[in-house]
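Down below is the structure, laid out as structure tokens.
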Amino acid sequence: MAASVTLGVIVGNRGFFPDWVAREGRKEILALLKKEGIKAVCLSERDTKYGAVETLEDARKCADLFDKNRKAIDGVLVTLPNFGDEKGIANTIKFSGLNVPILMQAYPDDLKKLDMGSRRDAFCGKLSVCNNLLQYGYPFSLTRTHTVDPKSQEFLEDLRNFVATCRVVKGLRNARLGAIGARTGPFNTVRYSEKLLEMTGISVETVDLSEILGLACALTDTDRKVKARLKKIKDYVNTKGTPEEALVKMAKLATVLDGWIKDNAIDGIALQCWTAIEEYFGIQPCTVMSMLGEKLIPSACEVDVSGLVGMYALQLASGKPSALVDWNNNAGTNPDEAIIFHCSNFPISMITSGKVSHHEIICTAVAKEKTYGPCTGHMKPGPMTFCRVATEDVDGDIIAYVTEGEAKKNKLNTFGAHCIVNIPDLQGLLEYACKNGFEHHVAVSYSQTGKAIVEAMETYLGWEVYGHAL
């Protein structure tokens, strides 16, 4: 489930225009937010005239209210039932000290009601408010059309996108990610800058893989937590054909990871998944990672921390599990289709007929009995969002690309977890990824949240983001 969101609501008003529309607009907006399950922090009609903001005193009252609720407020919705007072709105945000996404919405006029008793002129007022917000240094989001009726489906979609943007911004600015083990030696591609991520608010906690495996080896087969975790594994996925010894080791690893994640308040992990863990502990960690992802603790392969950032962003936006995949194969001759694949650690809700198996690639270098753990199956068909984040260390930037597409029903005869995806102008996206040095991994989720993620990363986090075919 997506996290609930609280919005600070500023109802604009200007006395030259009919102010009864501010009263009605406030009621309409608050009713919509309540229906959507969005909590609202807004002046009451006892605080100011109609609970709107116009004067300097109104702005200070609203700012004080927002300040008292700053820990709860994830974003600000500015609604203009009429022209609105540009300074009152900008001052409210300035005085409050909030640093959250802002959505600008202006009511449309009715061509039959342009008399002085009914006209809104919010079309014009929105330009003035946006001008002031830029003068004050505040980024903001816009509805798709300049004026939009809050009762329309269009605004409902705009609002939902904005709420997803708020979740991504808040989540990434406060993220705590775990890097477990060293980067897999041959994979220079997953290098990243902890310092650049920290400047955004993303902290990375590191731990040596040997510490985790040492704690796992110290657990007994009869340990209460290990036995409970073993049962959860067997209830979670088809383990037929997997040696009991391997399943017990998975349970031990999961028990230790659960404890480390809890102790360090970790939101997601990137794990050194080959080949030390197979050679010295005797399992592949994929199923353990799959279970973490299913309970919304995204888990990335090959210590790909920047890939994990994309996974977490997708999860924040959609409230659904995400996965990290390889752009792996062409899909015949269709230039807009490709095969995405991993071994896999995909959450079970993303695949059909999930089953634990051995790793058909790693077992060419490590004994087969040490490579049990991949959670395999066909990925489900459905709409998808794709996100890749990278740190551009030389230039001191964080960069990303985001797109949407479709996972197709497939019966590919191969191992791991996989599907064929269709993305408009896929070749253009792949050209962009290659020329800009992006990794071969991409994060995916079954959602359509591309626009919300681009808005969060580009407008509010200040990253360089390419929104492909959005």
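Length available on full extension from K71 to E211: 0.36 nm per residue minus the Cα-Cα distance, which gives 46.8 nm.
Given contacts defined as C-alpha pairs under 8 Å and at least six residues apart, what's the relative contact order of the range 310-389, whole-number percent?
Working: 104 pairs, mean separation 21.3, N = 80.
With pairs under 8 Å counted, the relative contact order is 27 percent.
With N denoting the number of residues in the chain, provide Rg(C-alpha) divided by 2.2 N^0.38 Å, to two decimal places.
1.10
Between T145 and N330, what length comes free when the chain is fully extended (0.36 nm per residue of separation minus the Cα-Cα distance, one decimal in nm)? Please report the intermediate quantities before stating the final value.
Values: separation 185, 0.36 × 185 = 66.60 nm, distance 3.83 nm.
Contour length minus the Cα-Cα distance gives 62.8 nm.
Using only Cα atoms, tell me the angle between helix 86-96 and the longest principal axis of the chain; keep it within 0 to 90° and round to the nearest 10. Value to nearest ten degrees: 50. Summary value for the range 6-173: 24 percent relative contact order, contacts being C-alpha pairs under 8 angstrom separated by 6+ residues.
In the chain, what % of DSSP beta bridges are antiparallel (nearest 5)? Walk me through the intermediate numbers first.
On the way: 37 of 72 bridges.
Antiparallel: roughly 50 percent of the beta bridges in the chain.
Return a whole-number percent for the relative contact order of the range 240-362, with Cα pairs under 8 Å and 6 or more residues apart as the contact set.
Working: 166 pairs, mean separation 31.1, N = 123.
Rounded, it is 25 percent for the range 240-362.
Using a ≥ b ≥ c from the Cα gyration tensor of the range 313-451 (square roots of the eigenvalues), is it rounded, prolate or oblate, where a/c under 1.5 gives rounded and otherwise the larger of a/b and b/c decides, a/b for prolate? Could the numbers behind the result be given before it?
Working: a/c = 1.58, a/b = 1.39, b/c = 1.14.
It comes out prolate by the Cα gyration axes.
Between the helical axis of 209-218 and the longest alpha-carbon principal axis of the chain there is an angle of about 60 degrees. Taking 0.36 nm per residue of separation and subtracting the Cα-Cα distance, full extension of the segment from N264 to D393 would add 43.8 nm.
Dipole of the range 6-173, Cα-centred, from +1 at each Lys and Arg C-beta and -1 at each Asp and Glu C-beta, to the nearest 20 debye? Please report the intermediate quantities before stating the final value.
Details: 27 positive and 22 negative charges, 110 e Å.
About 520 debye.
Treating r as the C-beta distance of K27 and M116 and R0 as 25 Å, the FRET efficiency rounds to 0.65. Helix 20-35 against the longest principal axis of the chain: what's the angle in degrees, Cα atoms only, rounded to the nearest 10? Approximately 20 degrees, to the nearest 10.
Average the reciprocal distances over every distinct pair of alpha-carbons in the range 20-177, invert the result, and give the Kirkwood radius in Å.
On the way: mean 1/r = 0.0624 Å⁻¹.
Result for the range 20-177 stands at 16.0 Å.
When the helices of the chain are scored as -39500 (n - 2.57) per DSSP H run of n ≥ 4 and the total is divided over every residue, the value at 222 nm lands at -11000 deg cm²/dmol. Placing +1 on the Cβ of every Lys and Arg and -1 on the Cβ of every Asp and Glu, with nothing else charged, gives the range 113-257 a dipole about its Cα centre of roughly 320 debye.
Rounded to the nearest 20 Debye, what is the dipole magnitude of the chain about its Cα centre when Lys and Arg each give +1 and Asp and Glu each give -1 at the C-beta? Walk me through the numbers before you get to the answer.
Values: 54 positive and 57 negative charges, 322 e Å.
That gives the chain a dipole magnitude of about 1540 debye.
FYI, it's all coordinate maths here, none of it is from the lab. Here the structure is a predicted model, which is why all the values come from computation and not from measurement. All Cβ positions, even for glycine, are placed from backbone atoms using ideal geometry, and neighbour counts span all protein chains on display.
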